[in-house]
Amino acid sequence: MSYEIKRLDDVPAIVTTFHTDFDPATELATVITEMRQIISDEAHPIYVIMDLSTFTISLNDLFVGTGVGMRSRDTANKIESMENTIKTIIVTEQKILHASIKGFERFGLGKNLDIVDSLDDALKTVRDAA
């Protein structure tokens with residue numbers, strides 16, 4: 001499978017790992033739907049970690065992903081999953097994603113986002129806050 005969503009047992013978080021063969025054009029909408037359902041079903045708010053450390057994003061992937069994200073703004077479980085998300089942490093060393101995520105926040109397209117270089121850094125953020 002090109003992605004995996006896992007609920008962690010030791011901290012209030014899910015980790016979505018995007019593998020090298022992930023295709024945003026055909027799979028991102030499904031990932032968003034699955035993540036929102038998992039987050040909405042939680043009894044208490046959780047952290048959402050999106051691990052893109054092994055996925056190399058192209059400029060086209062970025063545009064496609066932004067479009068999919070914008071179209072999914074009014075889909076099922078949006079409000080519930082937003083209310084149940086403490087913070088979204090993006091794991092990547094890719095400079096294009098660092099710049100994009102900062103831009104998304106600046107223009108109100110994302111909120112409460114962090115970006116870190118490693119999964120260990122993301123987990124440390126969650127553990128330090130818990």
- Using the 10 angstrom Cβ neighbour count as an exposure proxy, how do MET1, MET82, MET50, MET35 rank, fewest first? MET1, MET82, MET35, MET50
- Among LEU8, LEU59, which comes first, second and so on when ranked by fewest other beta-carbon atoms within 10 Å? LEU59, LEU8
- Using only helices, what value at 222 nm comes out for the chain when you add -39,500 (n - 2.57) per DSSP H run of length 4 or more and divide by the total residues, to the nearest 500 deg cm²/dmol? -14500 deg cm²/dmol
- What is the order of TYR3, TYR47, fewest Cβ neighbours within 10 Å to most? TYR3, TYR47
- Item | Percent of Cα pairs exceeding the 13 Å cut-off, where the set is the range 1-65 | 63 percent
- Task: Answer with a single label: of [x] 2, 9, 13, 14, 13, 11, 9, 8, 6, 4, 3, 3, 3, 1, 0; [y] 2, 8, 12, 11, 8, 7, 7, 6, 5, 5, 4, 4, 5, 5, 5, 3, 2, 1, 1, 1, 1, 0, 0, 0; [z] 2, 10, 20, 26, 24, 13, 3, 0, which was calculated as P(r) over Cα pairs in 5 Å bins from 0, in percent from the structure in view?
- Result: [z]
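Every read-out reported here was derived from the displayed coordinates using simple, explicitly stated rules and does not represent laboratory data. Worth saying up front: this structure is predicted, and the values here are computed from it rather than measured. With ideal geometry, Cβ positions are generated from the backbone for all residues, glycine too; neighbour counts draw on all protein chains shown.
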